[in-house]
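Where a number appears in this text, it was derived from the coordinates with a stated rule and is not lab data. Source: prediction; values computed, not measured. Every residue, glycine among them, receives a Cβ derived from its backbone with ideal geometry; neighbour counts consider all protein chains shown.
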Amino acid sequence: MARLSRDNLALAQEILARYPRPKSALIPLLHLAQEQDGWLTEDAMEHLAELVGVTPAEVLGTASFYEMFKRRPVGTYVINVCTDIACSLVGGDELLEHAEETLGVRDGGTTADGMFTLQGVQCIAACTEAPCLQANYRYAHRVSHDEFDQLVDDLRAGRKDAEIPRHGVLARVRQTIPAERAAGAIVPEGQSEPAWLAAAESDAS
Amino acid sequence: MSDTPPVDDATPAPDATPRELPRVVTSRWGLDDSHTLERYEATGGYQALRSVLDKAPQAVVDEVKAASLLGRGGAGFPAGVKWGFCPPGVWPRYLVVNGDESEPGTYKDRILMERDPHQLIEGVLIACYAVGCAQAFLYVRGEMALAQERIAAALNEAYAAGYVGKNILGSDFSVDVVLHWGAGAYIVGEETALIESLEGNRGMPRLKPPYFPAAQGLYLKPTIVNNVETLSNLPWILTNGADAFSALGAESSRGTRLFAVSGHVAEPGVFEVEFGTTTYRDLIYEHAGGIRDGNELKCFIPGGASAPWFFEEHLDLPLETGAVGKAGSMMGSGAIVVMDHTTDAVKACWKVVKFFAHESCGKCTPCREGTDWLEKILERILHGHGRPEDLDLLLDVCDNISPGLAWPPRQTTICPLGPSAVSPVNSAIVRFRDEFEAYIARAEPPAVATVGGPVPVDIRVGASS
């Protein structure tokens, strides 16, 4: 529950360097803070404000717009069951009801052991594979009620640890731009025409 | 990458395109290692980039213009023409890739990003070279963890191999492609909201004019915003030529297009079909196996949740922009949601409206308040507390968001999200008015006192029609 760790601070600096203006890095940095703590703490948001050069209120302003940022602790696994139009036509609502019964919490609730937060969500782009869900943003397609129960058992027993990281960890592969290959962030104040365009124009004239 | 098998690959793949159909963007979908650089290079990858570097940038723009490649995000604007809108002599220019796919019913960009990330990256590089964009940002929807991993891995490979970054393939073409994650907001799929989000702000759309991205986009500099599928077409076009591309399809809709067919069909799937000539009937009855259980078609959403609904009589329309527009709807994001005769039209309408009410960013009053009212009125009808005057009230709220309920929609809002919520309401009431009336006839009096919904004041203003 804190500011970014030393390792994460180094990562944050690397991410910041990719953007022409530091505030552009805010959403990726909010994800990094959420990855560190499992949710978004006020301390972390204050730290990001320093890094990006805006007020903590502006960081909160951005964070509060986006649904993935959790400003309260959530379960180790956030289960998003889709109940939008395509899924609801083939059992999405029933799947959410079943999930509520299995987990013993209502839509939006977290189990007493802190393992699961259940959310009914809208379109997660798997409409042909309905009804679908995500566990920490990893998909399960055409989910039957039995398969849901099995998933919950597997997650509880740690059998999915290799595939589904704890909440907050999104992509486990990060982009790294090697210094010797980097073209560099292009600041908006720079007024020059790119070299390859200028060269092509002088060829043509 | 391969040491972390994604959950996704354990589930059945979406149906691949049948052999006889053209495969412009889906040619590698069937391969297990389609996302790797090795496989991409072995199947012709990055050859288009090599050939492009020998041409003048303007020649590349001309090739894409000649191909008549329409944007695949929803609005369907010609990509080459869009590129030409950057004001001359204003630098730098940026490219922003819209990978925030979230229109209900839409499932294509995610597969393109997961299964063929290098094809997208090559498309990004071709576009940057042609337009003169000095930096590119690949904005991927936050909820798509696997797509983010696959693109990150692909970019890392491509940087190491010299395809991205400084002096690409030894040329004077240099550009960084930065992978950027969203964090859950449908509205960010709108291009000016995407730019706001990329600047680290709340994702609220900007007013156009003056903020047309090509003129005043990211950091108020010229910015091209292109959809994932649009850019994924570029390697094929530059390899095979504009003529080969425009030989596919018809009239104003050239090439192929990805369509996701979901809902009450026997075999839902994502299909790459010839644009402009294939019909809705082909897609629903041939590719997707027809209506499930031999049921009858009730209606279908022809282009994402924002699109007005189509019915039996529209099945033989070709997937061609002009024809679908004239018939009163749109192909939008290539999402077809099929409903059979067992569907409750009131509930389906409420579901779609609920989405837009939830996703309204709150910037414009007609949308922020209107979509909420629509949702609550529909909810009370559905829950047996509707009033006879509710149907007129629904249409009146719709009229406040989209005056005249015309197609293409007029709007009192900055972006099209508000009018998108009007489409399902207008479609459902016009076609299935009896179902709404049946709910209302069954309602228990006194309806209003028993619900926490909107207070029944008359909001009619002036002479709105």
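Just need the relative contact order of chain B here, percent rounded to a whole number, with Cα pairs under 8 Å and 6+ apart. The partial results should precede the final answer.
Details: 931 pairs, mean separation 70.0, N = 465.
Computed value for chain B: 15 percent relative contact order.
Over all pairs of distinct alpha carbons, what does the Kirkwood formula give as the hydrodynamic radius of the stretch B:345-450, in Å?
On the way: mean 1/r = 0.0738 Å⁻¹.
One over the average 1/r among Cα pairs gives 13.6 Å for the stretch B:345-450.
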Karplus 3J(HN,Hα) series, Hz, for the stretch A:106-113 with 6.51 cos²θ - 1.76 cosθ + 1.60 (x for Gly, Pro): 8, 3, x, x, 10, 5, 4, 7
Scattering curve values for the stretch B:7-246, log₁₀ I(q)/I(0), Debye with Cα scatterers, q = 0.13, 0.18 Å⁻¹: -0.74, -1.52
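Could you tell me which of rounded, prolate or oblate describes the stretch A:77-157, using a ≥ b ≥ c as the square roots of the eigenvalues of the alpha-carbon gyration tensor, with rounded for a/c under 1.5 and, failing that, prolate when a/b is larger than b/c and oblate otherwise?
Prolate.
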Estimated FRET transfer efficiency (A:Ala17, B:Thr43; beta-carbon r; R0 35 Å; 0.05): 0.55
Cut-off 14 Å between beta-carbons: net charge of the residues surrounding A:Ile186, Lys and Arg +1, Asp and Glu -1: +2
Least to most buried among B:Tyr46, B:Tyr139 (fewest other Cβ within 10 Å first): B:Tyr46, B:Tyr139
Footprinting exposure proxy for B:Ser262, B:Ser246 (fewest neighbouring C-beta atoms within 10 Å first): B:Ser246, B:Ser262
Under 5 Å, built H, 5+ apart or other chain: amide partners of B:Leu248: B:Gly255
Estimated FRET transfer efficiency when R0 is 35 angstrom, pair A:Asp154-B:Tyr285 (beta carbons, to 0.05): 0.35
Kyte-Doolittle mean at least -1.0 and Cα axial length at least 27 Å: DSSP H helices in chain B: B:417-442
Distance between modelled label sites at B:Gln58 and A:Ala199, nm, 7 Å Cα→Cβ extension: 1.8 nm
Summed side-chain charge close to B:Ala214 - residues other than B:Ala214 whose Cβ falls under 12 Å, Lys, Arg +1, Asp, Glu -1: +3
Other-chain or far-sequence residues with amide H under 5 Å of B:Leu70's (modelled H): B:Ala79, B:Arg254
3J(HN,Hα) from dihedral phi, the stretch B:103-110, Karplus parametrisation 6.51/-1.76/1.60, rounded to Hz, x for glycine, proline: 5, x, x, 8, 8, 8, 5, 4
Percent of Cα pairs exceeding the 38 Å cut-off, where the set is the protein assembly as shown: 32 percent
Sites A:Gln191 and B:Ala441, calculated FRET efficiency, Cβ-Cβ separation with R0 56 Å, nearest 0.05: 0.25
Label point distance in nm, A:Val169-B:Asp392, each placed 7 Å from Cα along Cα→Cβ: 6.0 nm
Sequence-distant residues sharing a close amide H with A:Val121 (under 5 Å, placed H): A:Val81, A:Cys82, A:Thr83
